[in-house]
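Novice: The structure follows.
Taken together, the values in this text are just the output of simple stated rules run on the coordinates, not laboratory data. This one's a predicted model, so the numbers in the text were calculated from it and none came from an experiment.
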Amino acid sequence: MARAWPDMTRAVVVAALALIIVLGSLFLWIGIPVLLLWAGGQLTNTNTGFLFIALASIPLAMVGFGWLLYRLNGVYERLQGRADGGAQHSPWLVSLSAERGGVRRARAPRRLIDVAMTGSALVAIVLLLVWFFFLAEMHLAPLG
């Protein structure tokens, strides 16, 4: 049963949810790996222990946080007045030559979570490349 919200309250809640989804997407791709790599370094002094902590914790945390973001996106979509039905077809499933792009986007518009996740993943990749090529120091182990 949907509850009627005043327009101003609805707009504030929708804006807050949109901000949480966008910032949460950035945190998913950048914050979680950095935070858990740091925590792994604090918890163990061995390379093997660090590797096991990182390989176990980072993917699980990212999946759990991503699930939470998709749940928040469902609330956002409902407050926007869009049905969050599972029967919708994604735009990428349609052949590019089958119909014009405007018709395809009108039939299946992009959701905020999809745009936020894609954009934040691209930002994370660019930051990783900048760090790797310009900021990381090279430490070579002696060959002897």
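Novice: Length gain on complete extension for the stretch Val126 to Leu23, per 0.36 nm per residue less the alpha carbon to alpha carbon distance? Can you show the working numbers first?
Specialist: Values: separation 103, 0.36 × 103 = 37.08 nm, distance 1.69 nm.
Gain in length upon complete extension: 35.4 nm.
Novice: Please list 3J(HN,Hα) in residue order for segment 118-130, calculated via the Karplus relation 6.51 cos²θ - 1.76 cosθ + 1.60 where θ = phi - 60°; whole Hz, with x for glycine and proline.
Specialist: 5, x, 5, 5, 5, 4, 4, 5, 4, 4, 4, 5, 4
Novice: Roughly what % of Cα-Cα distances in segment 17-58 sit above 17 Å, to the whole percent?
Specialist: Counting pairs separated by more than 17 Å, the tail of P(r) holds 39 percent.
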